[in-house]
1. Against the definition (surrounded by fewer than 19 Cβ atoms within 10 Å (Cβ to Cβ) and either within 16 Å of ligand 2 (Cβ to nearest atom) or closer than 20 Å to T140 by Cα (or both)), how does I24 come out, yes or no?
2. Has the stretch 158-179 got any residue that is more than 16 Å from ligand 1 (Cβ to nearest atom), in contact with a Phe, Trp or Tyr (Cβ under 6 Å, 6 or more places away or on another chain), in a helix (DSSP H, G or I) and not assigned by TED's automatic domain parsing to the domain that holds P18?
3. Got a sec? Which of I71, I5, I60 is on the phi < 0 side of the Ramachandran plot, in contact (Cβ under 8 Å) with a residue 60 or more places away in the chain and out of contact with any Asp or Glu (no Cβ under 7 Å at 6 or more places or on another chain)?
4. For A30, indicate whether it is of a type in the set (A, V, I, L, M, F, W, C) and touching a Leu at 6+ places or on another chain (Cβ under 7 Å).
Amino acid sequence: MQNEILLAVKNFHGHMCPGLAIGIRVAEKALIEMGDRPGDEEVVAIVETDNCAVDAIQFITGCTFGKGNLIHLDYGKNAFRFIRRRDAKAVRIIVKSENLRRSNENETALNRKIREGIATKDERKKLNDLREQRTNEILTMPLDELLVVQNISPDIPHRARIFNSVACDRCGEKTMETRLRILEGKLYCPECFDALMKK
Ligand SMILES: [Zn+2]
Ligand SMILES: [Zn+2]
């Protein structure tokens with residue numbers, strides 16, 4: 001991955017970390033599997049986690065939450081599916097965690113100290129160095145050592161649809177019609193509906 005892309009991803013996410021590094025490598029593999037940066041909505045990413053990695057995947061592959069071609073499944077797994085609409089090619093990329101150096105005891109202890117606010121300046125630096133080492137390992141590892149690609153059957157979600165917006169009968173704010181709730185013949189946005197139900 002080019003340095004300028006790495007820097008742009010880091011700026012987008014806010015910092016460089018092992019999780020982001022994993023996302024960068026997954027995105028790299030996804031572009032190889034799906035073809036270079038595909039057109040808008042041509043590829044759908046389904047991510048099975050919501051950790052740092054997902055920011056790199058959004059930034060590099062262009063699959064984003066707002067466009068509707070990034071879908072989160074709350075499985076808590078480092079696994080990422082990509083589906084190409086044109087020919088229904090579908091892969092699931094998983095991380096070979098056994099090949100990754102875990103954050104060792106040392107790092108865990110340092111993390112705890114920082115959380116508790118009792119880490120010294122030296123200890124902070126030490127933790128940063130350890131994380132940087134792991135990040136660099138991930139960024140430079142051969143892709144085949146880091147990732148496994150599985151072929152999966154494509155289950156293509158519908159393209160983003162545009163819905164009408166209708167004013168809520170209580171707050172008056174326009175709300176997507178699929179989100180409105182009906183109560184005693186009136187239409188309410190989810191927020192007002194919840195507020196009325198609590199009364
Ligand atoms: Zn991060
Ligand atoms: Zn309302």
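The values are calculated or read from the model by the stated rules, or taken from the named source; none is laboratory data. In this text, all values refer to a predicted model and were calculated from it rather than measured experimentally. Note that each Cβ is placed from the backbone with ideal geometry, even for glycine, and that neighbours are counted across all protein chains shown.
1. The answer is no for I24.
2. Yes.
3. Checking each option against the conditions leaves just I71.
4. no
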